[in-house]
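First the structure, in the form of structure tokens, and then the observations on it.
Readers should treat all values here as calculations from the given coordinates under stated rules, not as data from a laboratory. Predicted model, so just to flag it, every value in this text is computed and none were measured. Cβ coordinates were reconstructed from backbone atoms using ideal geometry, including for glycine residues, and neighbour counts include every protein chain displayed.
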Amino acid sequence: MKATAMANANIALSKYWGKRDKKLMLPQNGSISMTCDGLCTTTTVEFGNYKEDTIIINDEELQKEKEDIIKHLDLIREMTGIKQKARIVSESNFPIAAGLASSASGFAALTLAATAAAGLKLDEKDLSMLARRGSGSASRSIAGGFVEWHRGEKDNGSDSYAESIVDKDYWPEFRMVTTIVTEAKKKVSSRAGMAQTVETCPFYEGWLKTVNDDMDKIREGIKKRDFAVVGLTAEENCLKMHATMMTTKPSIVYWFAPTMEIIQNVRLWREEGLECYFTIDAGPNVKVMCLEKDEKEINKRLLSLNGVIKTIICKPGDNAKIIDKHLF
């Protein structure tokens, strides 16, 4: 009753922002992402004769903030009839809760490891729907390559899942250079930020009206390997999402000074003929999209900017997998 899974984070090209059902984690809109080789979470789950559920993330035992994880475990225990408590040990090779999709890779790895430890064999669609219950974006980290999370229409969530548009080998030249300007946890979680935006942003309906068009452009751009279409549409989509956050009450501004410096420089480099685009999730850390041929130059320029601590270069990554090497 022990299993270990590895899942990559994903970075949305067309963002998910807002839920229509908080319990089932059903999104207000669909989204498209790239699963990132280079941003990885490994999780071991064991059900056994433990007095209570214990959760250790990056060598620290969670005392607070573990309610969502235990709730997800309870959901799996309910599905399988298991009564035993669990020990969970998880490691991520990138900062968590800093706008780098750590909850996506974390809940995807947890879902796969826990169901395997419980003896439950689910296909990718069912795993995606189950991972969604822990964290919406985790539904996308179950699949590999470029991934679409379908909004779905049914109230029970049975048609809201993610699947690959193309696999990781379809567009191997695509790069996502993740810049780290802070490793600190953000003050407003994505979950809280979404709820506040849906409730108070006067422009939220405008956001929803444009998302499907963005998704259509990005989906077709991926299939045609049209980097300009994918990059520019993703950049515009990101700015629209952050505009909804900035116009909530009270306003949510995730960006730091280095965030703005990266944005301005990416635009300047593009004007100079070095093709690159940016996207930013709910946090200050910017991801810069480029092609393999420009990867080294982009990375060198990013590392020269004030406030950039380090970079992580990602190419399209694999789907979540069970692995043999346990963390305990």
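Tell me, which residue of the range 256-275 that is assigned to a loop (DSSP other than H, G, I, E, B) and not aromatic (Phe, Trp, Tyr) is surrounded by the fewest Cβ atoms within 10 Å (Cβ to Cβ)?
Only one residue fits best here, namely Gly273.
Yes/no per residue for (1) among the hydroxyl-bearing types (Ser, Thr, Tyr); (2) farther than 30 Å from Lys217 by Cα:
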| position | (1), (2) |
| --- | --- |
| Thr4 | yes, yes |
| Met34 | no, no |
| Gly48 | no, yes |
| Ile55 | no, yes |
| Asp59 | no, yes |
| Glu67 | no, yes |
| Leu75 | no, yes |
| Gly81 | no, yes |
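For a quick check of your reading of the model, give me the residue pairs whose first member lies in the range 216-237 and is under 11 Å from Phe278 (Cβ atoms), whose second is aliphatic (A, V, I, L, M) and part of a helix (DSSP H, G or I), with beta-carbon atoms closer than 7 Å and at least 6 apart or on different chains.
Ala234/Ile218
Of all the residues that make up the range 276-310, how many are crowded, with 18+ Cβ neighbours inside 10 Å and either in contact with a strand residue (DSSP E or B) (Cβ under 7 Å, 6 or more places away or on another chain) or aliphatic (A, V, I, L, M) (or both)?
Selection size over the range 276-310: 17.
For the range 149-187, what are the residues that are closer than 21 Å to Asn29 by Cα, among the hydrophobic types (A, V, I, L, M, F, W, C) and over 15 Å from the mean Cα position of the chain (by Cα)?
Across the range 149-187, the qualifying residues are Ile165, Val166.
When you scan the range 97-154 for helices (runs of 4 or more DSSP H) that lie fully inside it, which ones turn up with 2 or more residues that are more than 18 Å from Asp167 (Cα to Cα)? Walk me through it before giving the result.
On the way: elements: 102-117, 124-134, 138-141.
Here the list reads 102-117, 124-134.
Any residue at all in the range 29-43 that's surrounded by fewer than 23 Cβ atoms within 10 Å (Cβ to Cβ), polar (S, T, N, Q) and assigned to a strand (DSSP E or B)? Before you say what the answer is, go through the steps one by one.
Residues of the range 29-43 that are surrounded by fewer than 23 Cβ atoms within 10 Å (Cβ to Cβ), as a first pass: 29-30, 37-38, 40, 42.
Now restrict to residues that are polar (S, T, N, Q): 29, 42.
Next, only the ones that are assigned to a strand (DSSP E or B) stay: 42.
Yes; the residues of the range 29-43 include at least one that is surrounded by fewer than 23 Cβ atoms within 10 Å (Cβ to Cβ), polar (S, T, N, Q) and assigned to a strand (DSSP E or B).
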